[in-house]
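Worksheet: one structure, shown below.
Taken together, the values in this text are just the output of simple stated rules run on the coordinates, not laboratory data. Only a predicted model underlies this, so the values are computations on that prediction, with no experimental measurement involved. Ideal geometry is used to build each Cβ from the backbone, glycine not excepted, and the neighbour counts take in all protein chains shown.
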Amino acid sequence: MSSPTLALDPINPLADLDQWEDFLEGRYKEGKSESEFRQYDAEATPGVAEFYRLNHQHQTHAYVLAKEKQYFGLTRGAKSVWEAAEFLNTLVDDSDPDTDLTQLEHLLQTSEAIRRDGHPRWMVATGFVHDLGKCLCLYGEPQWGVVGDTFPTGCAYDPAVVFPEYFQANEDIHNPLYQTKYGIYEPNCGLDNVKMSFGHDGYIYQVMKDHLPMEALYMLRYHSFYAWHRHGAYDHLCNAQDRAMLPAVLKFNPYDLYSKGHTKPNLAELKPYYDDLFAEFFPATLKW
Ligand SMILES: [Fe+2]
Ligand SMILES: [Fe+2]
């Protein structure tokens with residue numbers, strides 16, 4: 001048994017990126033109350049609490065603008081979807097290679113669960129690509145800048161964002177312009193105009209925005225915006241289109257949260273199907 005008092009990595013306190021997703025699963029599937037998961041988290045997985053502390057402290061509005069400038073121009077080269085998945089698979093973590101699934105296997109489990117339930121082909125493709133933006137870690141971004149619940153910056157933090165007390169260490173808390181209900185935004189301006197905290201959702205949306213239908217793009221862009229899609233917060237920034245797309249985001253969420261089993265998908269068997277699927281929606285290479 002490892003001791004919970006072991007020193008955490010000060011920059012990347014999660015054992016691996018999946019530890020954040022395991023936390024989400026516990027938060028929603030097991031129906032833990034807020035006080036239960038907080039307590040569980042502080043004791044059983046202190047790395048998760050530390051990860052959120054860093055995320056809420058460092059994701060300022062200025063940070064988001066700088067990272068969007070750095071990455072949203074898609075200047076990191078061209079890759080096919082398969083190449084991007086293989087690249088993500090080079091992410092080495094501390095998990096057990098015998099029992100844990102690789103990043104590619106996780107993607108296939110999500111897309112295969114969507115396919116089994118008879119959803120349209122574009123949604124199967126969305127399931128496969130939804131976490132490819134985690135390659136930001138391989139570009140050198142810290143865990144707190146790649147995964148974690150996303151939230152609007154430049155306006156008041158809603159208490160529905162997990163661990164809201166950690167925002168006290170965010171320097172934006174001292175900028176009165178950013179601390180009103182609407183902050184720098186107009187009422188019902190639409191989420192497209194809102195600068196969300198930076199991470200893998202926003203990045204994969206940029207890569208995919210010309211290639212998938214609007215429902216898919218909402219699934220990609222807002223799949224970690226739990227305060228909105230699970231808790232109903234920030235409706236005052238939403239427009240009619242956002243509200244019309246919310247059911248799509250909710251339809252996708254169970255596949256993101258719960259499709260991870262321990263049966264390894266057979267890549268060789270599945271590859272022809274996915275070759276056809278990717279050819280239907282994506283050009284031979286995409287800009288990343
Ligand atoms: Fe994700
Ligand atoms: Fe995911």
Give me the distance between the Cα centres of the stretch 8-46 and the stretch 96-171, rounded to whole Å. 14 Å
With +1 on the Cβ of every Lys and Arg and -1 on the Cβ of every Asp and Glu, and nothing else charged, how large is the dipole of the chain about its Cα centre, in debye rounded to the nearest 20? 840 debye
Viscosity 0.890 mPa s, 25 °C: Kirkwood-radius Stokes-Einstein D of the stretch 64-176 over Cα pairs, µm²/s: 146 µm²/s
Rg and Dmax in Å for the chain, alpha carbons only: what are they? 18.5, 56
For the stretch 152-281, the Debye formula with one identical point scatterer on each Cα and no solvent gives log10 I(q)/I(0) at q = 0.09, 0.16 Å⁻¹ as -0.34, -0.90
Charge dipole (the chain, unit charges on Cβ, about Cα centre) - positive-most of LEU91, GLY202, GLN59: GLY202
Can you work out the Karplus-derived ³J(HN,Hα) for every residue in the stretch 157-166? Use 6.51 cos²θ - 1.76 cosθ + 1.60 with θ = phi - 60°, whole Hz, and x for glycine or proline. 7, 7, x, 6, 6, 4, 6, x, 5, 5
Relative contact order, percent, the stretch 215-288 [alpha-carbon distance under 8 Å, six or more residues apart]: 32 percent
Let me spell out the model: positive unit charges on the Cβ of Lys and Arg, negative unit charges on the Cβ of Asp and Glu, origin at the Cα centre of the stretch 216-288. What dipole size does that give, in debye rounded to 20? 220 debye
So how strong a dipole does the stretch 44-187 carry about its Cα centre when Lys and Arg Cβ are +1 and Asp and Glu Cβ are -1, to the nearest 20 debye? 600 debye
Relative contact order of the stretch 145-237, please, whole-number percent, based on alpha carbon pairs below 8 angstrom and at least 6 residues apart. 39 percent
Computed over the chain: relative contact order in percent, which uses C-alpha pairs under 8 Å that are six or more apart: 25 percent
May I ask for log10 I(q)/I(0) of the stretch 227-288 at q = 0.24 Å⁻¹, from a Debye sum over the Cα atoms as equal point scatterers with solvent left out? -1.00
Most mobile of THR45, THR90, THR60 per a Gaussian network model of the chain (Cα springs, under 10 Å)? THR90
For the stretch 120-125, Karplus couplings with θ = phi - 60° (6.51, -1.76, 1.60), whole Hz, Gly/Pro x: x, 4, 4, 6, 4, 4
Just want the answer: with Cβ charges of +1 for Lys and Arg and -1 for Asp and Glu, which residue in ASN239, ALA216, PRO13 is farthest toward the dipole's positive end in the chain? ASN239
Summing Lys, Arg as +1 and Asp, Glu as -1, what charge do residues with Cβ under 11 Å from the Cβ of TYR52 carry, TYR52 excluded? -2
FRET efficiency for ASP235 and ASN193 from the Cβ-Cβ distance with R0 = 25 Å, rounded to 0.05, comes out at 0.95
3J(HN,Hα) from dihedral phi, the stretch 72-77, Karplus parametrisation 6.51/-1.76/1.60, rounded to Hz, x for glycine, proline: 6, x, 6, 10, 9, x
